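The values are calculated or read from the model by the stated rules, or taken from the named source; none is laboratory data. Everything numeric here is computed off the predicted structure, so don't read it as measured data. With ideal geometry, Cβ positions are generated from the backbone for all residues, glycine too; neighbour counts draw on all protein chains shown. Just the protein is used for accessible areas: all its heavy atoms, side chains included, with ligands, DNA and RNA removed. Shrake-Rupley method; radii C 1.70, N 1.55, O 1.52, S 1.80 Å.
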Amino acid sequence: MDFKLETVDELLKNFQVDPSNGLSDEDVKLRLSKYGFNEIEEEKRNPFKSLGKKFWGLTPWMLEITMVFSILIGKYIDFYVIGALLILNAIIGYTQEERATRAVELLKKRLQVSARVLRNSLWKLIPARELVPGDIVRVRAGDFIPADLKIINGEVEVDQSALTGESMPVSKKQFDDMYSGSIVRRGESTCIVTNTGKKTYFGKTTELVQFAKPKLHIESIISKIVQYLLVIVIVLISFMFALTYIKGLSIIPVIPLALMLIVFAVPVALPAMFTVTMALGSLEIAQEGALLTRLNAIEDAASMDVMCADKTGTLTQNRLFITGIIPAQGFSEIDVVSFGALASQEANQDPIDMAFLDYAKKINVDLELYKVVQFVPFDPATRRTEAEIVRGGDKLKVMKGAVNTIASICNIKLDDNTLKALNDHAQRGYRSIAVAASDAGNLKFCGIAFLYDEPREDTPELINNIKKKGISVKMLTGDSEPIAREIAKKIGLGEVISVAKIKSEMQNDINKAAEIAEKVEGFAEIYPEDKYAVIKSLQARKHIVGMTGDGVNDAPSLRQAEVGIAVSNATDVAKAAASVVLTQEGLSGIVNLVTVGRSVYQRIVTWVLNKIVKTFEIAVFVTLAFLLTGYYTISALDVVLFLFLIDFVTISLSTDKQSGSDLPEKWKISSFVKLSIALGILTVSEMFLLLYVGLRYFAISSNIGIMNTFFFTAIMFFGLLFPISLREKKNFWKSRPSNTLLMAILADIVVVSLFSLFGFELISPISLKVILFLMGYAIACILIVNDNIKVLLGKLGLSR
């Protein structure tokens, strides 16, 4: 429930609790049964059901139909090979899905802290999971707030950056609300628990993480490829069955041919190719300082055209720095820094204290010359810190705090120029801290320091490099618009900042929400659900979205984005929700991720083009040859050999050296098919020329086994050489393949030649003279004729 509008008295009445005694054990027992424990319940998943879903879908269906075909006609080897591939792909997919619940588990651990609670008139320390609405609790500096609270009395400053993205600590006073997941930085207060578990702000973020699910583009890409290949095969099978029926021939001999064509059409090795390629790519990226927790994120990184970035802790350092000083008359900047640092204490790890101490070290102020006799930490009631110090026998008193507070203590009125500077800095998101020091009992106003959460040093360079790669960058922050605008200006992002609540806009009109998201360069004053909505709205417009973040508030967006990137100092929750985790300080790993991703994309495209060309070539040639001669030019066993000797050897394409483009890659499946069919028609023509040569000069018609081996060898050589041409947009010699790819091709050529030469009681052997002729013919066709025609087709608009 939302208790923001209720007063403390109303809450105490509604929850039936006395703030001086707390709840009784009986009250707690009843409320635990009503509200449950203060923890995040994990959604229960049936592992067998999840695994079973991996056998349901277009690609699994086609593999399963092929297996049934194999059983019907007694091709048991085909059945076992395809079945093994189907099970392997299912296991890989299942293990990838298991990471969906890890973010929830980490959120549960985050809530496993202790809390000071008043029960039965006694204060006690209990596990936070046992808190219930209506409990009276006490929080103080350093505490993790274990549930949503409303302050009964006292004042505190809390760090909400992990929840809201606000970089500055927020002051909370009597009757204000505090959220589970925040950290108390200063002060202490007595509060009443309003919400626990998944009903808290923290818990709502968890639910967003559970429901967030990026669209896996590789699944849709595989489906499209299968669809195109099946269209080719189904048309040919239909044509073949029709002609067989018209001629009055038996359809029984057509069934093995149909089986072959289905096996060729279904890219059984494509999921494995994707996995191996992306796994090797992930190793490249790991060397550059980024770890992939979801392999297909590397493919999405290649296509990413929008990157949303959380501000606090990602684009900025989530640390306060002194960026400017206005010394009062009679004091220097060093005086302001020195006295401010002396009024600070490193042990507290207070952001403002650390800013003064760090700056003092930076300008080499020797604080060892002073001895701190007494230190009074920040108190929200006084709004300052104080210290008594001694130097050379002289006692001094120093203090720092809110400008108005220190000015009032020093009994001075700020001049117009100083007031203008304060106002200008406040509008740009700076925090102003005044410093004072006493001399002979008189407290004097020393000056003002301006503090700011500075951008990371590499952020402007990152933004520039990302934009050069054709990716639009958008900043998301819970900070105010002036702060967001100032940061955006500093990092070279632009100044078009919106405060629109995208979640509300999406509920009214998702297209309008997406239009707003596309036009602006950043969003300010937004909540986790708004960040999540920004990602969803952009995805609705077919954008591939990346998201960088570090806090709990970023977890839903990191999970929803195709490329969720957690920075090196991110919370465990953010890292678990992300698909990429940077392991080094800074953001350079993002640029490396995109660069390697685009290279990986090109390798996969080469494999896809090669597969479509081969499928078209073999399906059309074998079908037409059957109709013309009545023979299968290759046998069903040749199909199985193809699966092992071509599809799985060309996985070595995953190691190839290919450079990506300067713009986001797009899966142009229809364009790939057009190019592949053009090249396929060319190779079919070359195969028919080879059929003529074989019939006339090698007498292959005299023995069907010899004919099968003759074309098995030719098609294998064509298939092995084609990747060398297809991998390069220009002529094949413009770039060199990787050593692994070259060695795999050479090794495969040797294996095929030995098979064809000796047969090994699997196929009919042919002479070395024929094998050498076929090798020379394949080289001439693929690397000379087809390679030059490929370049010509590229100039006509048909390119990879």
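For the stretch 689-712, what are the residues that are touching a residue at least 40 places away in the same chain (Cβ under 8 Å), open to solvent by 50 Å² or more (accessible area, probe 1.4 Å) and part of a helix (DSSP H, G or I)? Residues satisfying the conditions are Ser701, Ile704.
Just wondering, is there one or more residues in the stretch 279-297 that are small (Gly, Ala, Ser), under 30 Å from Asn411 (Cα atoms) and open to solvent by 30 Å² or more (accessible area, probe 1.4 Å)? Within the stretch 279-297, not a single residue is small (Gly, Ala, Ser), under 30 Å from Asn411 (Cα atoms) and open to solvent by 30 Å² or more (accessible area, probe 1.4 Å).
Per-residue answers, yes or no, for (1) under 30 Å from Val231 (Cα atoms); (2) at pLDDT 80 or above:
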site	(1), (2)
Leu23	no, yes
Ser70	yes, no
Ala90	yes, no
Gly93	yes, no
Gln96	no, no
Arg99	no, no
Leu106	no, no
Leu111	no, no
Ala115	no, yes
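The requirement of being open to solvent by 10 Å² or more (accessible area, probe 1.4 Å) and in contact with a helix residue (DSSP H, G or I) (Cβ under 9 Å, 6 or more places away or on another chain) is not satisfied by Phe672. Among the residues of this structure, Leu628 does not count as one that is in contact (Cβ under 8 Å) with a residue 60 or more places away in the chain and of a type outside the set (S, T, N, Q).
Among the residues of the stretch 475-484, just one is among the charged types (D, E, K, R) and within 26 Å of the chain's Cα centre (by Cα), namely Asp479. On inspection, Glu368 fails the criterion of being over 43 Å from the mean Cα position of the chain (by Cα) and modelled with pLDDT of 90 or more. Residues considered: Thr623, Thr633. Of these, the only one that is more than 33 Å from the chain's Cα centre (by Cα), part of a helix (DSSP H, G or I), of a type in the set (S, T, N, Q) and surrounded by 19 or more Cβ atoms within 10 Å (Cβ to Cβ) is Thr623.
Note on the stretch 524-581: among residues that are under 20 Å from Thr293 (Cβ atoms) and among the acidic types (Asp, Glu), the one that is surrounded by the fewest Cβ atoms within 10 Å (Cβ to Cβ) is Asp572. Note on the stretch 363-419: residues that are open to solvent by less than 70 Å² (accessible area, probe 1.4 Å), in a helix (DSSP H, G or I) and among the hydroxyl-bearing types (Ser, Thr, Tyr) amount to 2. When Lys614 is tested against (1) within 25 Å of Gly478 (Cα to Cα); (2) open to solvent by 10 Å² or more (accessible area, probe 1.4 Å), only condition (1) is not met. Look through Ile590, Ile535, Ile544 and report the one residue that is at pLDDT 85 or above and out of contact with any helix residue (DSSP H, G or I) (no Cβ under 6 Å at 6 or more places or on another chain). That would be Ile590, the only listed residue that is at pLDDT 85 or above and out of contact with any helix residue (DSSP H, G or I) (no Cβ under 6 Å at 6 or more places or on another chain). Put simply, of Ile363, Ile406, Ile389 the only residue that is out of contact with any strand residue (DSSP E or B) (no Cβ under 6 Å at 6 or more places or on another chain) and in contact (Cβ under 8 Å) with a residue 24 or more places away in the chain is Ile363. The set of residues from the stretch 748-784 being in contact (Cβ under 8 Å) with a residue 24 or more places away in the chain, hydrophobic (A, V, I, L, M, F, W, C) and under 25 Å from Ser652 (Cα atoms) comprises Ile749, Val751, Val752, Phe755, Ile771, Leu774, Met775, Ala778, Ile779, Cys781, Ile782, Leu783.
Here the stretch 117-147 is the region considered, the condition is being within 30 Å of Ile433 (Cα to Cα) and either under 34 Å from the mean Cα position of the chain (by Cα) or small (Gly, Ala, Ser) (or both), and the residue that is modelled with the lowest pLDDT is Gly142.
Please determine, by comparing only the residues of the stretch 751-773 that are of a type in the set (Val, Ile, Thr), under 25 Å from Tyr697 (Cα atoms) and at pLDDT 90 or above, which one is surrounded by the fewest Cβ atoms within 10 Å (Cβ to Cβ).
Taking the candidates together, the pick is Val770.
When the stretch 305-352 is filtered for residues that are in contact with a helix residue (DSSP H, G or I) (Cβ under 7 Å, 6 or more places away or on another chain), assigned to a loop (DSSP other than H, G, I, E, B) and buried (at least 24 other Cβ atoms within 10 Å of the Cβ), only Ser344 remains.
Entry remark, the stretch 467-505: residues being open to solvent by 50 Å² or more (accessible area, probe 1.4 Å), modelled with pLDDT under 85, over 16 Å from Thr316 (Cα atoms) and in a helix (DSSP H, G or I) number 2 in total.
May I ask you to verify whether Ser303 is more than 28 Å from the chain's Cα centre (by Cα), small (Gly, Ala, Ser), at negative phi and modelled with pLDDT under 95? No, not satisfied.
Yes or no, residue by residue, for (1) hydrophobic (A, V, I, L, M, F, W, C); (2) in contact with a Phe, Trp or Tyr (Cβ under 9 Å, 6 or more places away or on another chain):
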| position | (1), (2) |
| --- | --- |
| Tyr370 | no, no |
| Arg384 | no, yes |
| Arg391 | no, yes |
| Lys395 | no, no |
| Val403 | yes, no |
| Thr418 | no, no |
| Gln427 | no, no |
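Screening the stretch 441-474 for residues that are without any contact (Cβ under 8 Å) to a residue 24 or more places away in the chain and touching a strand residue (DSSP E or B) at 6+ places or on another chain (Cβ under 9 Å) and picking the one that is farthest from Lys311 (Cα to Cα) gives Gly441. Scanning the stretch 154-165 turns up no residue that is within 26 Å of Phe37 (Cα to Cα), surrounded by fewer than 24 Cβ atoms within 10 Å (Cβ to Cβ) and in contact with a Leu (Cβ under 9 Å, 6 or more places away or on another chain).
Between Ser180, Ser171, Ser189, Ser250, the distinction of being open to solvent by 20 Å² or more (accessible area, probe 1.4 Å), outside any helix (DSSP H, G or I), of a type in the set (Ser, Thr, Tyr) and modelled with pLDDT of 85 or more belongs to Ser171 only.
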